[in-house]
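Below is one structure, written out as structure tokens; the observations come after it.
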Amino acid sequence: MPKHYLLYGSERYALAILRPLQAAIRARGDEAAWFFDGPGAEDLREDERLLTVAQVRAWQPLAVLTPGNHLPHFFPGVKVEVFHGFDAGKPRHIHIRGFFDLYCTTGPRDTQAFGEVAARLGHFSVTETGWPKLDSFLRVIAGPLPPLHRPPVILYHSTFSPSWSAADTLYEEVRRLSRDGRWRWIVTFHPKMNPATTARYKALQNDYLRFAENDNILELFPQVDLMCSDTSSALSEFLLTGKPVVTFRNRRPGPQLIDINDPAQFEPAIERALARPPALMQAIASHAAAIHPYRDGRSSERVLDAIDAFIAGGGRNRRRKPLNLWRKLRLRRRIGYWGPA
């Protein structure tokens, strides 16, 4: 009998993260289906199956996998967290909500951090697998770092949180620098970005700047030579390409970034990044090895192996998950299900 796996999302970005897992599941002769409690279901393809709550319970998935920080406790199966991004220095990356049996971490840095919490709390396990979202991307970027485009292409991306976003602060600099043709620009924002800010940047579009609305930002990375950002988790994804990142007041700056705190420093920082100084490039390589050392594009397979190993080991942790009654009530209300657990 084929194994059943449920892919659970609350945002459209779940599609890009979970579809590589779907491909790996199908390659093993098993079956995947989807459940959404937010945007995303409308973008499923004809060959992708969407289930209702009742259908999920009848289908009896072996595991439920999600990139989010919650999932229905009343769904059958091992509850698996596969993450929606890298740790960008925001305060809630290591925030244990008590919904998961197994955390599949992306690399040594997160494995150590989550492993320490798991050892203390005892109600979840941690296995390092790499990040499924990157599987096909890593195969695309395999090989040496390509030369700069002519003219160089810059990706400007910002997170949506007002306290972390530099989009409004750097708007005038992006507007000015995107007018002379020295560099080309692609701008993309988090889907929750303030609509007024998004509209301002869309209005900047010209021969040298375009606004991209790709669901999967990874599709843009091979097209550019440099990312400019702030405290977005996407910048860590970009660093895996080996290309530089310029940040504005990043919450966790380090030698792998060119971090600035004044808009007047923006243009010189871009010029430095495009020069690819050796010390910066080595720091980028070291950072990439710490957050995601895998380059084989097989993280999805490792996630499935981790689920098998967890079940083979008894399918439970040394302590029970917390009751979590308030969060469970909110999730039931969100989904509209009041039946048995």
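One table, with the values for the structure above:
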| read-out | value |
| --- | --- |
| Relative contact order [Cα under 8 Å, 6+ residues apart], the chain, whole percent | 19 percent |
| Potential extension, residue 249-residue 116 segment - 0.36 nm per residue separation minus Cα distance | 45.0 nm |
| Unsatisfied cross-links (Cα-Cα over 23 Å) in the set 3/133; 3/321; 79/133; 79/321 | 3/321 |
| Share, in percent, of DSSP beta bridges within the chain that are antiparallel, nearest 5 | 5 percent |
| Top of 321, 133, 192 by mean-square fluctuation, Gaussian network on the chain, Cα under 10 Å | 192 |
| C-alpha long axis of helix 299-312 to longest principal axis of the chain, angle in ° | 20 degrees |
| Electrostatic dipole magnitude of segment 145-291 [Cβ: Lys, Arg +1; Asp, Glu -1; Cα centre; debye, to 20] | 80 debye |
| 3J(HN,Hα) from dihedral phi, segment 268-282, Karplus parametrisation 6.51/-1.76/1.60, rounded to Hz, x for glycine, proline | x, 5, 4, 4, 5, 4, 5, 6, 6, x, x, 5, 5, 5, 5 |
| Extension gain (nm, one decimal) between residue 87 and residue 202, 0.36 nm per residue minus Cα-Cα | 38.6 nm |
| Residue-averaged 222 nm ellipticity for the chain, from DSSP H runs of 4+ at -39500 (n - 2.57), nearest 500 | -9500 deg cm²/dmol |
| ³J(HN,Hα), Karplus 6.51/-1.76/1.60, whole Hz, each residue of segment 51-68, x for Gly, Pro | 10, 8, 4, 4, 5, 4, 5, 6, 6, 6, x, 5, 8, 10, 10, 8, x, x |
| Segment 229-244 - phi-based ³J(HN,Hα) in whole Hz, Karplus 6.51/-1.76/1.60, Gly and Pro as x | 7, 9, 10, 9, 5, 5, 5, 5, 4, 5, 4, 5, 6, x, 9, x |
| The chain pair-distance distribution - Cα-Cα, 20 Å bins, rounded % | 30, 55, 15, 0 |
| Computed magnitude of the charge dipole of the chain (debye, nearest 20; Cβ of K, R +1, Cβ of D, E -1) | 1060 debye |
| Net lengthening on full extension, residue 308/residue 145 (0.36 nm per residue, minus Cα-Cα) | 55.1 nm |
| Residue 42/residue 1 FRET efficiency (R0 35 Å; Cβ-Cβ; nearest 0.05) | 0.65 |
| P(r) histogram, all alpha-carbon pairs of segment 93-232 included - 10 Å bins from 0, percent | 10, 31, 28, 21, 9, 1 |
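Each reported figure results from applying straightforward, stated rules to the coordinates on display, with no laboratory input. As the structure is a computational prediction, the values presented were derived from the model and not from experiment. In this analysis, Cβ positions are derived from the backbone assuming ideal geometry, glycine residues included, and neighbour counts consider all displayed protein chains.
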